[in-house]
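Asks: One structure, as structure tokens, below. Some questions next.
The values are calculated or read from the model by the stated rules, or taken from the named source; none is laboratory data. Please read these numbers as outputs of a predicted model, since none were measured by experiment. All Cβ positions, glycine included, derive from the backbone under ideal geometry; neighbour counts span all protein chains shown.
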Amino acid sequence: MTATVSGIEAAARSALALIENGARVGLGTGRAASAFIAGLAERARAGLSVTCAATSEASARQARAAGLEVVALDEAGELDITVDGADEVAPTLDLVKGRGGAFVRERIVAAASRRQVIVVGPEKLVPVLGATGPIPVEIIPMSLALATRRLIAIGMRVTPRVDESGRHFVSDNGNLVLDVAPATPFADANAARAFDATVRLIPGVIDTGLFFGTAAIVFVGHPDGRVDTRRRAD
């Protein structure tokens, strides 16, 4: 099942309703974030004043081309809100992100924000993390062989991510990404956290695509334009 554009746009509109004049806004990466950026630019043309920090070069280019003010995160300071997409959303609102490759910067921008809002279609909702695909892991290039061996040793299936030309995918940070799949989806949040902690101990690992407790609100846009709102329990 694939979310229609109308569903994603409806969810993006729900996120746009949270943006106040003068807000400092983190811009995510991917299809859902792109819909939000387009809507934010439309509101800015109508008079809304916002300052943006982007999680990827692609999002920054889109935002600037649409007329939004984009500054470095250091210049932006603490952000009021970040709006982004996700590859998987568990019932706890824990996430898998990064199948588009921007998860390290997405985590930094989310951490610099008062709240993170996620925009998805219903196909992104999963009972447990790891249900629909691998977990991205960003590594320093020098660690490619070492990290691959260590991950295989703990029972993971490891696939180096490649770009459209068949070469190693290189993140905006100049690093490589491994797509790491456990034999079965994580049994629960504790299993996912244990995996995350183990992988982070491997020399050369920068980050994983597992996001625990970062999302305050998830807007789920359906093909008929209906939007479900899910909020993380404190």
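Asks: What are the residues in segment 82-117 that are under 23 Å from Phe169 (Cβ atoms) and of a type in the set (A, V, I, L, M), if any?
Replies: Ala86, Leu95, Val96, Ala102, Val104, Ile108, Val109, Ala110
Asks: Take Thr55 and tell me if it is under 22 Å from Arg200 (Cβ atoms) and in contact (Cβ under 8 Å) with a residue 12 or more places away in the chain.
Replies: Yes, satisfied.
Asks: Residues that are in contact with an Asp or Glu (Cβ under 9 Å, 6 or more places away or on another chain) and among the charged types (D, E, K, R): does segment 142-150 have at least one?
Replies: No, segment 142-150 contains no residue that is in contact with an Asp or Glu (Cβ under 9 Å, 6 or more places away or on another chain) and among the charged types (D, E, K, R).
Asks: Condition (residue is part of a loop (DSSP other than H, G, I, E, B) and over 25 Å from Gly221 (Cβ atoms)) applied to segment 87-106: is it met by at least one residue?
Replies: Within segment 87-106, none of the residues are part of a loop (DSSP other than H, G, I, E, B) and over 25 Å from Gly221 (Cβ atoms).
Asks: Continuing with this model, one more query. Taking Ala189 as meeting all but one of (1) in contact (Cβ under 8 Å) with a residue 24 or more places away in the chain; (2) in contact with a helix residue (DSSP H, G or I) (Cβ under 9 Å, 6 or more places away or on another chain); (3) of a type in the set (A, V, I, L, M, F, W, C), write down the number of the exception.
Replies: (2)
Asks: Go through segment 69-83 and count every residue that is touching a residue at least 24 places away in the same chain (Cβ under 8 Å), among the hydrophobic types (A, V, I, L, M, F, W, C) and surrounded by fewer than 24 Cβ atoms within 10 Å (Cβ to Cβ).
Replies: Residues that pass the stated criteria total 5.
Asks: On to the next question. Among the residues of segment 17-37, how many are buried (at least 19 other Cβ atoms within 10 Å of the Cβ) and part of a helix (DSSP H, G or I)?
Replies: Qualifying residue count, segment 17-37: 6.
Asks: Can you name every residue in segment 118-130 that is more than 14 Å from Pro185 (Cα to Cα) and either among the charged types (D, E, K, R) or surrounded by 22 or more Cβ atoms within 10 Å (Cβ to Cβ) (or both)?
Replies: Matches in segment 118-130: Ile118, Val119, Val120, Gly121, Glu123, Lys124.
Asks: Can Val117 be described as touching a strand residue (DSSP E or B) at 6+ places or on another chain (Cβ under 6 Å), in the same structural domain as Arg24 (by TED's automatic domain parsing) and assigned to a strand (DSSP E or B)?
Replies: Spelling it out, Val117 is indeed touching a strand residue (DSSP E or B) at 6+ places or on another chain (Cβ under 6 Å), in the same structural domain as Arg24 (by TED's automatic domain parsing) and assigned to a strand (DSSP E or B).
Asks: Count, please, the residues in segment 139-183 that happen to be touching a residue at least 12 places away in the same chain (Cβ under 8 Å) and more than 23 Å from Gly100 (Cβ to Cβ).
Replies: Residues flagged as touching a residue at least 12 places away in the same chain (Cβ under 8 Å) and more than 23 Å from Gly100 (Cβ to Cβ) within segment 139-183 amount to 6.
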